[in-house]
1. Of all residues in the range B:72-109, which are of a type in the set (A, V, I, L, M) and out of contact with any Lys or Arg (no Cβ under 7 Å at 6 or more places or on another chain)?
2. Would you say A:K37 is surrounded by fewer than 17 Cβ atoms within 10 Å (Cβ to Cβ), more than 8 Å from chain B (Cβ to nearest Cβ), more than 22 Å from B:N23 (Cβ to Cβ) and among the basic types (K, R)?
3. Quick one: in the range A:45-81, of everything that is touching a residue at least 40 places away in the same chain (Cβ under 8 Å) and more than 7 Å from chain B (Cβ to nearest Cβ), which residue is nearest to A:D26 (Cα to Cα)?
4. Among (1) surrounded by 14 or more Cβ atoms within 10 Å (Cβ to Cβ); (2) under 17 Å from the mean Cα position of the chain (by Cα), where does B:L75 come up short?
5. Just the residues that are farther than 21 Å from B:G214 by Cα, within 16 Å of ligand 1 (Cβ to nearest atom) and in contact with a Leu (Cβ under 7 Å, 6 or more places away or on another chain), please, taken from the range B:1-50.
6. Of everything in the range B:113-134 that's surrounded by fewer than 20 Cβ atoms within 10 Å (Cβ to Cβ) and either under 26 Å from A:L67 (Cβ atoms) or acidic (D, E) (or both), which residue is farthest from ligand 2 (Cβ to nearest atom)?
7. Pairs under 7 Å by beta carbon, first residue more than 10 Å from every other protein chain (Cβ to nearest Cβ) in the range B:20-33, partner within 12 Å of ligand 1 (Cβ to nearest atom) and not in a helix (DSSP H, G or I), six or more apart or different chains?
Amino acid sequence: MQKKLIGTLNELNKHKQFSRWVNDHDILVFLNKNKVKAISNICPHFGGPVGYHEITEVNGEKVFTCLWHNLQFNVDNGVCTLHKNLKLREYEVIIDSDNIFVYVN
Amino acid sequence: MKYFLKSKSSLKTNFPKKLLLWNYWDHEHIVGTHFKHYKKVNIIYEDNKTCLSERLAKLPYIPFYIKTTDFAILLNGSQMVVYHYALFNLLFCKQTFYFEEDNKGYCKVTRIDYLEVPRFLTILQPFFDKIMRKWFIDVWKEDMPMRKRRLRVWKLGFNDFRGIDYVNNPAEKKFTKPMRPYKLELPIAKITHEKNTKSGKVFLRKIEKSKHIGYGLPKL
Ligand code: FES
Ligand SMILES: [Fe+2]
């Protein structure tokens, strides 16, 4: 696993969430319950961008809605609300001063 | 005698033809990628060459949604035709699409639109041309990043309904095979519909106004 810079806290504060390609991984970084989280931004359906829209709340559940065909993923565990077998990978995050790093293979 | 308004739009891409056909035959993406223009699609029937659907669509300069019935036919690997009916079949529009791939695997798309009108409405020709060209460009701008990303994940070994193995499983090796020819199987399998009713599969828009940051921040 390699430690890679994905962005800064400044970027995160500005956008509340962001995604970026690092080492052929498209990673979605966001704030969840005051913690910085990183999950895959690649929708397992057809590859759409999971974090295109801001987080919304659906029936009390916070979700990302993939731009292409609207599959929704729970922000806490990355599981698709419609097809529980589809789950987004979570990446380990390290914060170092203003920098956000992720571990990628 | 029948009278038609006509409009022609054409643009080149650097994508393979099959990827473009995937985009056009992925009917459900209209309520996702094109959420600004469509709020519902009901796919009544679909096979590997045809698709019958109903859509709620908003055209440029027209401030309300129109319910259309649409019948798409893939005539061959390079040509498709779509018949649209609206306003209790009073409105009939035909669109023909041509896909021309060059020897580099790049493809040009040409769309020709015809709208049947009574003779006195042929004066609307410039207005029709303007609407249809604008629509082509608006939708094209939303489709291009989708096509680009689809090709990118395809090159990284993406499998539909599964994703990329090395992304899902950190123990997996990176996908290093040379470019696989883009594969297309029609009809495209559906899993994102709200309802499976007797009259078809219903797909609904979930985001009406997006607060978004888009496809991602630029590379560091
Ligand atoms: S690619 Fe995400 S819902 Fe289809
Ligand atoms: Fe499209």
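Here, each number is a calculation from the coordinates, and none is a lab measurement. Keep in mind that this is a model prediction, so the values were computed, not measured. All Cβ positions, glycine included, derive from the backbone under ideal geometry; neighbour counts span all protein chains shown.
1. So in the range B:72-109, the residues of a type in the set (A, V, I, L, M) come out as B:72-75, B:80-82, B:86-87, B:90-91, B:109.
Listed by number, the residues that qualify are B:A72, B:L75, B:M80, B:V82, B:L87, B:L90, B:L91, B:V109.
2. Numbers: surrounded by fewer than 17 Cβ atoms within 10 Å (Cβ to Cβ): no; more than 8 Å from chain B (Cβ to nearest Cβ): yes; more than 22 Å from B:N23 (Cβ to Cβ): yes; among the basic types (K, R): yes.
So A:K37 does not fit the description; no.
3. Applying the filter and picking the extreme gives A:V75.
4. Every condition holds for B:L75 apart from (1).
5. Scanning the range B:1-50 gives B:L19, B:W22, B:W25.
6. Looking at residues that are surrounded by fewer than 20 Cβ atoms within 10 Å (Cβ to Cβ) and either under 26 Å from A:L67 (Cβ atoms) or acidic (D, E) (or both), I get B:E116.
7. Close Cβ pairs satisfying both conditions: B:W25/B:I188.
Matching residues to (1) free of Cβ contacts under 8 Å to residues at least 60 places away in the same chain; (2) closer than 23 Å to B:T50 by Cβ; (3) surrounded by fewer than 13 Cβ atoms within 10 Å (Cβ to Cβ):
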site	(1), (2), (3)
B:D160	yes, yes, no
B:D165	yes, no, no
B:N168	yes, no, no
B:M179	yes, no, yes
B:L184	no, yes, no
B:I188	no, yes, no
B:K198	yes, yes, yes
B:K219	yes, no, yes
